[in-house]
Amino acid sequence: MSILSTFNQQAMPVQADAVIVGAGIQGCAAAYYLAKRGAKVVVLEKARIAGQQSGRAWGFVRAMDRDPAETPLMLACLKLWQGLEAELGADIEWRQGGNLFLAADEAELARFEIGAARDRVFGVDTKVITPKEVLSLIPGLVDAGPGGLWGPKEGQAEPRKVSAAFARKATELGALFFEGCGAVGIDRQAGAVTAVVSEAGTIRSKVVILAAGASSFRVMRGLGLSLPQQLARFTCSRTNAVPPLGNIAFYGHHIGFRQRPDGTLNLAEELQVDVDLTLDRFRALQWFLPSLWENRHATSFRINDVTARDLLHRLPWRPETQQPWIHDRDPLIPPNMKRVRNAVAQIGKLFPSTIGVQAVESWAGNVDLMPDGIPVLGPVAEVPGLILATGLTGHGFGMGPIVGRLMSEIVLDGEPSLDLHAFRFSRYAEGKVGRFSTRY
């Protein structure tokens, strides 16, 4: 028997203007922007609000050094972030102190020059800086390398606070959230959406926004559609408080970190990912093979408890088999403690003032990857009424507000205010898919 949300105790309505599947940052932001314009919205979440990757991200917010298709969206999104605390009436730890990416060598610095020139075409304030300029920005660093890429208008926020703030404000405006209550089916007539079946009842609606993150491919498979989405496990930690290092979100010398207002750090080993080997890893493999060799140094394949649990979940009498859309309701995703130790040791070497720093909390999240490294956003022609907001490929936190607003525009205006052609679901059937790179 499912449990209706402790977040919202109202009864499940029989009808809505839009049903959102998934209460990560995209789903919560979409609910807010829809409710803000008077739409009747229901959000279904099989576990809890921001219980997976939306609450486990690093917290970087950047327009710099992105895939060019994403850059216009992030320029618009940065404007949203700047006013978000006032708009939502919540402390989300927004800090606009800039993002700094250090170059590993002269070859990467040359790539930064190309990226900065491309960014400036779009209007992103990005530039390559010298080692002396790096040290002026973050004077505690012992090695500035050959220089870096600097985005002074980039920012950061706290992932554990943002989705909840969107959800609270959306609820004040009339949106209904149901935690512990997943979607288990979509009713259709002549192919078009007519209702969403939840664990607690059916909601009549002609619109469903699929924002289920790493579970989205399961929903699509249940509709007879193939979403070439894969998962990778990213590990992150929070340290004890250390002396001030600045408001900069920092990436380089094999680590990434940002310092929160209380002095603690969100710290991770630089874009190192673990891929837990399960049978699902062979699904859509042909889409990812071209990029595996290119990204081999950043990827580790693991046979572990996740592998065993996946095999267990495939037994025919298991609940994961009986309700495939729900599958593993609240998966336990173990952090890679070796990566934690590496990151802690490295920051101590780079910043002598942090000697003695310790990781007091560590976690991991499943990032939903797409073969070309950019999300799937917008309507699905095969199922009129179905709108996708998934496959954010590690960019979901920073892009969350603009994705939510664009989804609301598609629902209420019939089209978004920004061009989403590059993100269409049909690009896979068309074969128009680029290469994924771990840098983005």
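Derivation of every value follows stated rules applied to the coordinates shown; laboratory data play no part. Please read all numbers here as calculations on a predicted model, not as lab measurements. When we count neighbours, we look across all protein chains shown, and the Cβ atoms used for this are built from the backbone with ideal geometry, even at glycine.
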Inset, instruction - Rounded to the nearest 500, what is the 222 nm mean residue ellipticity of the chain from helices alone, with -39500 (n - 2.57) per DSSP H run of 4+ residues and division by all residues? - result: -9000 deg cm²/dmol
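Using +1 on the beta carbon of Lys and Arg, -1 on that of Asp and Glu, and nothing else charged, what's the dipole of the stretch 99-152 about the Cα centre, debye to 20?
Numbers: 5 positive and 8 negative charges, 37 e Å.
The dipole magnitude comes to about 180 debye.
GluC sites (Glu not before Pro), restricted to the stretch 372-440: which are DSSP loop and have at most 16 other Cβ atoms within 10 Å? Don't skip to the answer; put the middle values down first.
Numbers: sites: Glu382, Glu409, Glu430; in loops: Glu382.
The qualifying sites are Glu382.
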Inset, instruction - Largest first and to the nearest Å, give the Cα extent of the stretch 99-152 along each principal axis. - result: 33, 23, 13
Inset, instruction - Compute the signed sum of charges (Lys and Arg +1, Asp and Glu -1) over the other residues within less than 11 Å, Cβ to Cβ, of Asp274. - result: +2
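Strictly greater than 12 Å: what percent of every Cα pair in the stretch 141-184 meets that? Numbers along the way, then the final one.
Working: 731 of 946 pairs.
When every Cα pair of the stretch 141-184 is considered, 77 percent fall beyond 12 Å.
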Legend entry - Of all DSSP beta bridges in the chain, antiparallel share, percent nearest 5: 70
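Going from the alpha-carbon gyration tensor of the stretch 131-274, what semi-axes, largest first and in whole Å, does one get by taking the root of 5 times each eigenvalue?
Values: eigenvalues 368, 74, 37 Å².
Working through the eigenvalues yields semi-axes of 43, 19, 14 Å.
Within the P(r) computed for the stretch 81-129, what percentage of the Cα pairs occupies the region above 13 Å?
On the way: 775 of 1176 pairs.
Pairs farther apart than 13 Å: 66 percent.
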Legend entry - Separation of alpha-carbon centers, the stretch 189-256 and the stretch 75-119, rounded to whole Å: 22
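Dividing the convex hull volume of the Cα atoms of the chain by its residue count, what figure in Å³ per residue is obtained? Don't skip to the answer; put the middle values down first.
Details: hull volume 59.2 nm³, N = 440.
In the chain, the Cα hull volume divided by residue count equals 135 Å³.
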Inset, instruction - Could you please report the charge total around Pro261, scoring K, R as +1 and D, E as -1 over all other residues with beta-carbon less than 15 angstrom from its beta-carbon? - result: +1
Inset, instruction - Using every pair of alpha-carbon atoms in the stretch 1-143, split the distances into 5 Å bins beginning at 0 and state the percent of pairs per bin, rounded to integers. - result: 2, 7, 12, 16, 16, 13, 11, 8, 6, 5, 3, 1, 0
Inset, instruction - For the stretch 267-340, state which chymotrypsin sites (Phe, Trp or Tyr not before Pro) are in a DSSP loop and have at most 13 other beta carbons lying within 10 Å of their beta carbon. - result: Trp293, Trp317
Inset, instruction - Please give the residues of the stretch 216-241, grouped as numeric ranges, whose backbone N is less than 17 Å from a label point set 7 Å along the Cα-to-Cβ vector of Lys432. - result: none
Legend entry - Backbone N within the stretch 246-279 under 14 Å of label point (7 Å from Lys349 Cα along the Cβ vector): 252-256, 269-270
Legend entry - Eligible lysines near Lys40 by straight Cα distance, threshold 29 Å, same-chain separation 8 or greater: Lys79, Lys161, Lys169, Lys206
Inset, instruction - Please report the Cα spread of the stretch 26-76 along all three principal axes, rounded to whole Å, starting with the longest. - result: 36, 27, 14
Legend entry - Total charge dipole magnitude, the chain, about the Cα centre, Cβ charges on Lys, Arg, Asp, Glu only, Debye to nearest 20: 420
Inset, instruction - Against the globular-protein guess of 2.2 N^0.38 Å, express the Cα radius of gyration of the stretch 235-289 as a ratio, rounded to two decimals. - result: 1.62
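What net charge do the residues around Pro375 carry, taking every other residue with its C-beta under 12 Å from that of Pro375, with Lys and Arg at +1 and Asp and Glu at -1? Don't jump to the answer; show the numbers that get you there.
Working: positive: Arg66, Arg424, Arg427; negative: Asp67, Glu70, Asp368, Asp372.
That works out to -1.
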Legend entry - Whole-angstrom gap from the stretch 409-435 to the stretch 332-400, using each part's C-alpha centre: 23
